[in-house]
1. In whole Hz, what ³J(HN,Hα) sequence does the range 6-19 give by Karplus (6.51, -1.76, 1.60; θ = phi - 60°), x for Gly and Pro?
2. Where does helix 29-50 land angle-wise versus the long Cα axis of the chain, in degrees 0 to 90, nearest 10?
3. Need the full-extension length gain, Glu11 to Ala35, defined as separation in residues times 0.36 nm minus the C-alpha distance. One decimal, nm.
4. What does the charge add up to near Ser30, with Lys and Arg as +1, Asp and Glu as -1, over the other residues with Cβ less than 14 Å from its Cβ?
5. Taking the structure as given and computing log10 I(q)/I(0) by the Debye sum over Cα atoms at q = 0.13, 0.17, 0.20, 0.25 Å⁻¹, which label from [x] -0.37, -0.53, -0.64, -0.82; [y] -0.41, -0.60, -0.72, -0.89; [z] -0.49, -0.71, -0.83, -1.00 fits?
6. With a 1.4 Å probe and every protein chain kept in, tell me what percent of the accessible surface of the chain is carbon plus sulfur.
Amino acid sequence: MTKVSVEIPDELLEDLDEHVGEGGKFVNRSDAIRASIRKTLDRLDEIDQRQGRLEEEE
């Protein structure tokens, strides 16, 4: 797996951290960020399909 570095505003990181750890939806920040990226890309694909910019998958 490749590592990447990003700069995240403190406010956004605080929001993310509310969903990480004990009682959160994710065990760590990396899991939360990966899930967010996947969900965002899926939504962008859905939008592209509706707009005719992406071929339908069989």
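The values are calculated or read from the model by the stated rules, or taken from the named source; none is laboratory data. Predicted model only: the values in this text are computed from it and were never measured. Reconstructed Cβ throughout: ideal geometry from the backbone, glycine too, with neighbour counts over all protein chains shown. Only protein heavy atoms, including side chains, enter the accessible area calculation; ligands, DNA and RNA are left aside. Shrake-Rupley method; radii C 1.70, N 1.55, O 1.52, S 1.80 Å.
1. Karplus-based 3J(HN,Hα) across the range 6-19 equals 9, 9, 10, x, 3, 4, 5, 5, 4, 4, 4, 5, 5, 9 Hz.
2. On a 0 to 90 degree scale, this one is about 20.
3. Details: separation 24, 0.36 × 24 = 8.64 nm, distance 1.91 nm.
Extending this stretch completely gives an extra 6.7 nm.
4. Details: positive: Lys3, Lys25, Arg29, Arg34, Arg38; negative: Asp17, Asp31.
After counting each charged neighbour, the total is +3.
5. [z]
6. Values: 2720 of 5720 Å².
Percent of accessible area from carbon and sulfur atoms in the chain: 48.
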